[in-house]
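**Student:** Before anything else, here's the structure in question.
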Amino acid sequence: MSDEALKIYLDVCCLQRHFDDQRQARVHLEAEAVKLILAQVEAGELIWIGSEVIEYEIAQNPDRERALKGMLLAAYAEIRVSVGADESARAGELELLGFTGFDALHLACAESAGTAVFLTTDDKLVKRAARLADDIRVQVANPLEWLRRRS
């Protein structure tokens, strides 16, 4: 892993994108973007930050096979953030800004780990984060758009 490697946080939407209907062009392209990002993690170009929030959210999926696949994938994160008092307090602040439960917790964990970019395929989350960019300490982006900007 290089000293220059960026820390990234992939939310559950990204981790589950591989298991969505790949016949939809956008879904397929986003899934491919996530695969490329994971390849960059494997090559040591990026540092993948995970959290216990990811694991908990995945476990809530009623589709047991999809949940198992998501858990197996999430286990490859290089760093795992646990939710402590600081993360809980920050999530509360983020909720006051309009971020909802899991999103607020994910963002708080990403910020806690010093993550450079929080990747999600959730358009509403990306738009809300863009509006509130001055109030959050991590860039939020769609994985496909983020890869396009990086190249």
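The values are calculated or read from the model by the stated rules, or taken from the named source; none is laboratory data. None of the values given here were measured: they were computed from a predicted structure. Counting neighbours? That spans all protein chains shown, and the Cβs are built from the backbone with ideal geometry, glycine included. Quick note on the areas: whole protein, heavy atoms, side chains included, nothing else; ligands and nucleic acids left out. Shrake-Rupley method; radii C 1.70, N 1.55, O 1.52, S 1.80 Å.
**Student:** Starting from the Cα of residue 132, step 7 Å along the direction of its Cβ; do the same at residue 149; then give the gap between the two resulting points in nm.
**Tutor:** Reported label-point gap for residue 132 and residue 149 is 1.8 nm.
**Student:** Here's something else I'd like to know. Below 8 Å, C-alpha to C-alpha, sequence gap of six or more: please give me the relative contact order for the chain in percent.
**Tutor:** Numbers: 217 pairs, mean separation 42.8, N = 151.
So the answer I get is 28 percent.
**Student:** Right, something else. Give me the distance in nm between label points sitting 7 Å out from Cα along the Cα-to-Cβ direction at residue 76 and residue 56, one decimal.
**Tutor:** Each label point lies 7 Å from its Cα, and together they span 2.5 nm.
**Student:** Send over a whole-number figure in Å² for the accessible area per residue of the chain, probe 1.4 Å. Don't skip to the answer; put the middle values down first.
**Tutor:** On the way: 8010 Å² over 151 residues.
Normalised by residue count, the accessible surface of the chain is 53 Å².
**Student:** Need the full-extension length gain, residue 36 to residue 23, defined as separation in residues times 0.36 nm minus the C-alpha distance. One decimal, nm.
**Tutor:** Working: separation 13, 0.36 × 13 = 4.68 nm, distance 1.89 nm.
2.8 nm is the gain from fully extending residue 36 to residue 23.
**Student:** So, one more: For region 1-99, what class follows from the C-alpha gyration tensor (a ≥ b ≥ c being the square roots of its eigenvalues): rounded when a/c is under 1.5, otherwise prolate if a/b is larger than b/c, else oblate? Working shown, then result.
**Tutor:** On the way: a/c = 1.66, a/b = 1.16, b/c = 1.44.
Oblate.
**Student:** Let me ask something additional. Could you check how much of the accessible area of region 1-118 is carbon and sulfur, as a whole percent, using a 1.4 Å probe? List each step's numbers first, then the result.
**Tutor:** Values: 3250 of 5940 Å².
Accessible surface attributable to carbon and sulfur in region 1-118 totals 55 percent.
**Student:** Same structure, new question: Between residue 81 and residues 5 or more places away or on another chain, which pairs have amide H atoms under 5 Å apart, with H built 1.01 Å from N, and which residues are they?
**Tutor:** 50, 51, 52
**Student:** Excluding ligands and nucleic acids, what accessible area in Å² is computed for residue 21 using a 1.4 Å probe, to the nearest 10?
**Tutor:** Its heavy atoms expose roughly 60 Å² to the probe.
**Student:** Near the amide H of residue 6, under 5 Å away, which other amide H atoms are found, from residues 5 or more places off or on another chain, if H is placed in the peptide plane?
**Tutor:** 47
**Student:** Between region 17-62 and region 109-137, how far is it from one alpha carbon centroid to the other, in angstrom?
**Tutor:** Spelled out, the Cα-based centre of one part sits 16 Å from the other.
**Student:** Please give the charge dipole size of region 60-142, origin at the Cα centre, charges +1 on K and R Cβ atoms and -1 on D and E Cβ atoms. Round to the nearest 20 debye.
**Tutor:** 240
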